[in-house]
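A quick write-up on the structure given underneath.
Read-outs throughout are calculated quantities, based only on the coordinates presented, and are distinct from any laboratory measurement. Everything numeric here is computed off the predicted structure, so don't read it as measured data. Positions of Cβ are generated from backbone atoms using ideal geometry, with glycine treated the same way; all protein chains shown enter the neighbour counts.
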Amino acid sequence: MESVMNLSRFDVQKIRDQFPILTRSVKGHPLVYLDNAATSQKPKAVIDALTDYYTGYNANIHRGIHTLAEEATAAFERTRETVRSFIGASAVEEIIFTRGTTESINLVASSWGRTNLKAGDEIILSSLEHHSNIVPWHMIAEATGAKIKVVPINDEGEFQFDEFEKLLSAKTKIVSVVHASNALGVINPVKKIIDAAHRFGAVVLIDGAQSTVHLDIDVTELDCDFFAFSGHKVYGPTGAGVLYGRRTLLEAMPPFQGGGEMIREVTYEKTTYNDLPYKFEAGTPNIADTIALKAALDFVTETGKAAIRAHEDTLLEYATTELKKLPGLKIHGDVEKKVSVVSFTIEGIHPQDIGILLDNQGIAVRTGHHCAEPLMNRLCIPGTSRASFAMYNTLEEIDSLVRGLQKVIKMMR
Amino acid sequence: MSSVSSIPSIEEEIIEEFSLFDSWEDKYEYIIDMGKKLAPLPDEFKKEENKIRGCQSTVWMVSEVKDGRVYYKADSDAVIVKGLISMLIRVFSGQKAGDIVSADMKFIDEIGMSTHLAQTRSNGLRSMIKQMKLDDMAWNAAKNQS
């Protein structure tokens, strides 16, 4: 496949040709897919990788001695190496495959939390968190007696670093914050957060569900202790997620689930556990989707993250400017440091009505509270409409969104 | 005798009205218009126990029975849902207790609005229909006991 990396100009049509779904229509209109923060579409390379696996070398991995098992195991482990390099981890043993960000966070909350938290300890979250970075901590807080502290944001959704520093103390055991907000797109100053937390001896988990597709991720440079992301938001298949963990922490943690694969020796009296990363991968993993995740990450790397980012920034800037021209429209999280997400409300129109009427024009956006109810309460809104852009979106699609919204406003007024 | 038409005949009326629209815009403008005209539920009824929560919009509903007939009042924070609610009230409110639970609701499909019922989490509409039917069963049971 010819690499698009060397194109002097970002050729969006060439990118679009790689995504078969983009040619379909919805309700008689060409699909305008602007719900990428929920899940991105998949390039042909990913779909082919899934088909190749099932038609060519489907087998259970790690234990089989036959050729298919060896091929499948090798492909599965190649993804681990690709993930390692994609996020800048130092060793493949630090890359754990999970179902997604949610499971990754649950793994840490449960396995690390059970052994490291006790009554009176504190867990710090931010006001921007997705429910998946709130509920697992509620569960472990209830079980251990630890307390949750929440870092406030300003009206635009910016993390209040001064307030965060005031919350830090010897009682702080873990800080778990989102890298980029799914609801607003706002980017948190994670490097500063990590360094400050480490000064108090706390460990830090970064929820990279929204950032991994847009930003350069280097867990070594960030110096975070855990980093979680979902493959399906990075053009990969659903059900293939990642937890990066610092080796010393992972080694000291008990397994998350018990079963096959994660053991070294089992008698009815006792189990001894396998080495990293297998200790945390009980049972037959999601082999096909994990293998295809490599194709997704390779696709992003070959296209070039910097080029993608530049294109997405152009889309974000254009959308922000054009949307603001609509009467009564307010953008939430209208800040400089954000990923390509525009979250907005239109005065007097419920987000759900916007979503329904846009869908009838073939335009897919996300409406509602974006699984971030505490954030919506903080902003005093029931929800927003959210348009989120990927590498294959175009300026013309943003024009369609604007025209679509003009129609919504006309129909609702 | 009450002047209320039967459930099937009101459903037929609605299907006929919708058959006049040839674009989705006309259809939705009609629903939006019905939503705007739906009498708002007084605030005293907008309390937790009358709330039917959806992922995106909220529906409030109350029912009462008079002379063996069930009357519904409902409201929502989203206008299209309100329009759909208004149709449900038109079909079911004032019907004999016991008649509502068995209604097949095929008209929703026929006017092309069934997608709004399929998305269980996105709005409270599906739950509202269930609640309307449950209320009907309860009123009918109470009527038969007395």
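Neighbouring Cβ atoms from other chains, within 10 Å of the Cβ of residues in B:72-79, number 3 on average. Per-residue mean of foreign Cβ neighbours for A:351-359 is 6 (Cβ atoms of other chains, 10 Å radius). For region A:84-169, report the translational diffusion coefficient in µm²/s to the nearest whole number, using Stokes-Einstein at 4 °C, 1.567 mPa s, and a Kirkwood Rh over Cα pairs. Rounded to a whole number, D works out at 89 µm²/s.
If a/c stays under 1.5 just call it rounded; otherwise compare a/b with b/c (prolate if a/b is bigger, oblate if not). Do that for region A:251-392, with a ≥ b ≥ c from the square roots of the Cα gyration tensor eigenvalues.
Values: a/c = 3.00, a/b = 2.04, b/c = 1.47.
Here region A:251-392 falls in the prolate category.
Of the GluC sites (Glu not before Pro) in region A:228-316, which ones lie in a loop per DSSP and count no more than 14 other C-beta atoms within 10 Å?
In loop regions of region A:228-316 (DSSP not H, G, I, E or B), the sparsely surrounded GluC sites (Glu not before Pro) are A:269.
Each Lys and Arg adds +1 at its Cβ and each Asp and Glu adds -1 at its Cβ; summed about the Cα centre, region A:48-301 shows a dipole of about 660 debye.
Kirkwood radius for chain A, taken over all pairs of different Cα atoms as the inverse mean of 1/r, rounds to 22.3 Å. Residue-wise HN-Hα couplings along region A:66-81, as the Karplus relation 6.51 cos²θ - 1.76 cosθ + 1.60 with θ = phi - 60° gives them from phi, are 7, 4, 4, 5, 5, 5, 5, 4, 4, 5, 4, 6, 5, 4, 4, 5 Hz; Gly and Pro carry x.
The order of the peptides A:366-372, B:42-48, A:239-245 by mean Cβ neighbours within 10 Å, most packed first, is A:239-245, A:366-372, B:42-48.
Rounded, prolate or oblate, given the Cα gyration tensor of region A:332-397, with a/c below 1.5 counting as rounded? Because a/c hits 1.5 or more and a/b fails to exceed b/c, region A:332-397 counts as oblate.
Along each principal axis, taking the top coordinate minus the bottom one, the Cα set of region A:51-205 gives 58, 34, 26 Å in descending order. The relative contact order of chain A, computed from alpha carbon pairs under 8 Å that lie at least 6 residues apart in sequence, is 23 percent. Take each residue in B:24-31, count the other chain C-beta atoms within 10 Å of its C-beta, and the mean is 3. Within the listed set A:85, A:25, A:340, the Gaussian network model of chain A (springs between alpha-carbon atoms below 10 Å) gives the highest mean-square fluctuation for A:25.
Charge tally for residue A:100 (other residues, Cβ to Cβ under 13 Å; Lys, Arg +1; Asp, Glu -1): -1. Centre-to-centre, using Cα atoms only, region A:298-342 and region A:105-153 are separated by 31 Å.
For chain A, a Gaussian network of Cα nodes joined below 10 Å ranks A:335, A:46, A:213 by mean-square fluctuation, and the top entry is A:335.
Highest mean packing first, where packing is the average number of other Cβ atoms within 10 Å per residue, the peptides B:6-19, B:76-89, A:174-187 line up as A:174-187, B:76-89, B:6-19.
The Rg/Rh ratio for region B:13-101, using Cα coordinates for both the radius of gyration and the Kirkwood hydrodynamic radius, is 1.01. In the protein assembly as shown, the DSSP beta bridges split such that about 70 percent are antiparallel, to the nearest 5.
In region A:34-85, Cα pairs under 8 Å separated by at least six residues give a relative contact order of 21 percent. Kirkwood radius for region A:229-287, taken over all pairs of different Cα atoms as the inverse mean of 1/r, rounds to 12.8 Å. Could you check what % of the DSSP bridge pairs in region A:48-301 are antiparallel, to the nearest 5? Approximately 45 percent, going by the DSSP bridge assignments. A dipole drawn for region A:48-301 from +1 and -1 charges on Cβ atoms has a positive end, and of A:183, A:300, A:260 the residue lying farthest that way is A:260.
Taking a ≥ b ≥ c as the square roots of the eigenvalues of the Cα gyration tensor, region A:153-254 is classed as oblate, since a/c reaches at least 1.5 and a/b does not exceed b/c.
When the helices of chain A are scored as -39500 (n - 2.57) per DSSP H run of n ≥ 4 and the total is divided over every residue, the value at 222 nm lands at -11000 deg cm²/dmol.
The mean sequence separation of alpha-carbon pairs under 8 Å and at least six residues apart, normalised by the residue count of region A:107-162, gives a relative contact order of 40 percent. In the structure shown, the pairs A:147/B:51; A:44/A:407; B:36/B:106; B:47/B:143; B:46/B:130 are assessed against 29 Å; a Cα-Cα span above that value is assigned to A:147/B:51; A:44/A:407. Given a cut-off of 17 Å, what percent of all Cα-Cα pairs of region A:124-177 lie beyond it? Every Cα pair in region A:124-177 considered, those over 17 Å come to 36 percent.
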